[in-house]
1. Could you rank the peptides 94-102, 240-248, 168-176 by their average count of other C-beta atoms within 10 Å per residue, with the highest value first?
2. Which residue, chosen from V220, L334, T150, occupies the Cα position most advanced towards the positive end of the dipole of the chain, where the dipole is computed from +1 (Lys, Arg) and -1 (Asp, Glu) charges on Cβ about the Cα centre?
3. Keeping to pairs on different chains or 8 or more places apart, tell me how many lysine pairs in the chain have Cα atoms under 29 Å apart.
4. Suppose we look only past 30 Å in the calculated P(r) of the chain. What percent of the Cα-Cα pairs does that tail hold?
5. Where does each of R67, R186 land when they are ordered by accessible area, with a 1.4 Å probe and the largest first?
6. With +1 assigned to the C-beta of every Lys and Arg and -1 to the C-beta of every Asp and Glu, and no other charges, what is the dipole magnitude of the chain about the Cα centre in debye, to the nearest 20?
7. Given a 1.4 Å probe and every protein chain left where it sits, what share in percent of the accessible area of segment 1-83 is carbon and sulfur?
8. List the residue ranges in the chain for DSSP H helices whose C-alpha atoms run 27 angstrom or more along the long axis and whose Kyte-Doolittle average is -1.0 or above.
Amino acid sequence: MNEYALFANFENPFGDSVRALRESIDTIVHAESLGFEQVWLTEHHFNAFSVSASLFPLLAHLAARTRRIKLGAGALLLPFHDPVRVAEDAATIDALSGGRLLLGVGKGGPFPDQFRHFGVAHDESRERMYEAIDLLEKLFADTGVDHISTHYRYQDLSTYPRPLRTPLPIWLASTNDESLALAARRGYGLMGPSAAPLVRIRERLDAFHALAPQQSPPFVLARYLLCAEDNTQAREEALPFIRDFGKNMRAAIRKTPASEPIRPFGESAEAYEETRLLGNAIVGDPAACIEQCLALREALAPHPVILLLKPASYDPAVNRRSLSLFAERVRPALTSPGSQRDSKGSPSCATYRL
């Protein structure tokens, strides 16, 4: 893990959307000042707590507020969007940011309300996503595009502005067999959620590697973070946030009708128990966080991974302090020469450069 990213969810524990947006933007600017290479923004709808419903306006604002950090959509829920507008918006953000856009796409969140209100059937969302990606690739690569598929039909279509980079880096927020094959074939990256157990992630990465994806970007792995001066403090500060996340995900599973084949991030209710979530998180004093990160690296070696850190407090000041401790006291230990070796003492894989 040679690159580190901030996961920005735009939480609104204040009941004040303006403040929630401002605090999240300030945290992203702070992360850039600390040397974080990337920030990824989540897309949520019909949710008073997570107010990142419109990714492209947020990314455009960040393009103006930042200078270096790469800007990721993590992930754009592609079946809920017009892919032609996505092509236009993505190219515009890439131009405004000087080529810093990273485009992650998913088939839709784990909440039935999203599919109902956007008028998209869950059982067709994956097909829509794959068809939209096909169209996006054509529009990014060429003009005068002809495209005929089940959901999208265009003739002699050109979008402007043109993207600065071809191909534009794309990640799939999915690790099922079909997505693995598509990502390996086309050179896409993959993204994994914070609740995914390492054993399953390792199995999926091994399967991906077997499909010869050498040209693909590193796996983007989300993990909750709370770094404090001592372990007790870190745990006490992280638990309210982690407990609420688990409770909300278990409630979503209970409320989902049996006829709806939706599980939050593909995981069962047990994945959202407190002990499981803490076991997947990076929580503790700097020494403990170093140990947890090195264990994570060893478990996934030699696969290249970008660690996507999701601050685990409702208090923006605590989150910024946690990111500062990670950057100043944890990361140097992870990037020292002795930390760049896998569990067998061999040099770890080089990080793909975007």
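The values are calculated or read from the model by the stated rules, or taken from the named source; none is laboratory data. Nothing here was measured: the structure is a model prediction, and the numbers come from that model. Positions of Cβ are backbone-derived with ideal geometry, glycine not excepted, and every protein chain shown enters the neighbour counts. Keep in mind that these areas ignore ligands, DNA and RNA; they rest on the heavy atoms of the full protein, side chains included. Shrake-Rupley method; radii C 1.70, N 1.55, O 1.52, S 1.80 Å.
1. 168-176, 94-102, 240-248
2. Highest projection toward the positive end goes to L334.
3. The number of close lysine pairs in the chain is 10.
4. The answer is 34 percent, as a whole percent.
5. My answer, sorted largest first, is R67, R186.
6. Approximately 420 debye in magnitude.
7. Ligands and nucleic acids excluded, carbon and sulfur give 54 percent.
8. Those that clear 27 Å and a mean of -1.0 are 122-141, 231-255.
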